[in-house]
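Here is the structure we will look at.
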Amino acid sequence: MDKNRLTDSTEVFDYRDPAVERFIEKAGCYTEANVAKAVERLHDAVRDSIDYNVFDVPLHSGLSASEVVTEASGFCLHKSILFVAACRGIGVPAMLCSDVVTNHVADAAMIDLVGGEEFLHWYTQIYLNGRWIKAAPIFNALLCTLYGIEVLRFNPNGGSIEQRNSESTKMVYQGRARSYTDPKMPELLRVIQEKHPKMVTECGRTPTSHALTAAMTAR
């Protein structure tokens, strides 16, 4: 794998867009003395300043990191896209990854949207201190507090992607991992539609919870 290509700005990881540049600057990573601390700043900024939401968020063929910043809301795909872009923006090789998980933090409406207990979950891999580590800055600290679960923190030594969904259980990865070094959104939409067809709509946004409830009532 050519790590030099994993710092490229792309259509999806458009870190040269002013919105992403401002996000990186506001995260405060340039004030840190080492790269690991800078990446941790980006991780926490993505986790806590982009609201976690699966309903009524953009999901279309032109989605990119800059739109995630502007929208300030999204689910694991959106947050992972922004984190990859931000890491690349400070020269840290990064790529998008996905796997199928169970024990995902969810309510009844979200389970209906995805169509069951298995979730297509997105996370990242970054090259830090001479090795690849996994990171998932997905569930906001405030959201975790409301659910009474532990906040998933950045671990520069071994990675951290297994979010707890209670005090005794955590997310379980099914070993169907894929990695995307230069993904195109039409490709990612096909992957999502294959697993969660309700999420991909003609209007380019995921359904609202109200729309989902109406659809359930009509069945």
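The values are calculated or read from the model by the stated rules, or taken from the named source; none is laboratory data. Since we're looking at a predicted model, the values are computed, not measured. Don't worry about glycine lacking a Cβ; one is built from the backbone with ideal geometry, like all the others, and counts go over all protein chains shown.
So here's what we get for this one:
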{"read-out": "Only one of LEU188, LEU152 that is buried (at least 18 other Cβ atoms within 10 Å of the Cβ) and part of a helix (DSSP H, G or I)", "value": "LEU188"}
{"read-out": "Positions within region 52-86 being at pLDDT below 95 and either in a strand (DSSP E or B) or in contact with a Cys (Cβ under 7 Å, 6 or more places away or on another chain) (or both), in sequence order", "value": "TYR52"}
{"read-out": "Condition met for LYS195 (under 13 Å from HIS121 (Cα atoms), surrounded by 15 or more Cβ atoms within 10 Å (Cβ to Cβ) and of a type in the set (Lys, Arg))", "value": "yes"}
{"read-out": "Scope region 166-180; condition within 15 Å of CYS76 (Cα to Cα) and not in a strand (DSSP E or B); matching residues", "value": "MET171, ALA177"}
{"read-out": "Check on VAL172, modelled with pLDDT under 85 and surrounded by 16 or more Cβ atoms within 10 Å (Cβ to Cβ)", "value": "no"}
{"read-out": "Tally, over region 116-141, of residues that are under 12 Å from VAL100 (Cβ atoms) and part of a loop (DSSP other than H, G, I, E, B)", "value": "3"}
{"read-out": "Restricting region 104-154 to residues that are out of contact with any Ser or Thr (no Cβ under 6 Å at 6 or more places or on another chain) and among the polar types (S, T, N, Q), the residue that is farthest from THR208 (Cα to Cα)", "value": "ASN129"}
{"read-out": "Residue among GLY148, GLY159, GLY130 that is free of Cβ contacts under 8 Å to residues at least 12 places away in the same chain and of a type outside the set (S, T, N, Q)", "value": "GLY130"}
{"read-out": "Residue match in region 47-70 (condition: touching a strand residue (DSSP E or B) at 6+ places or on another chain (Cβ under 8 Å) and over 16 Å from ARG205 (Cα atoms))", "value": "yes"}
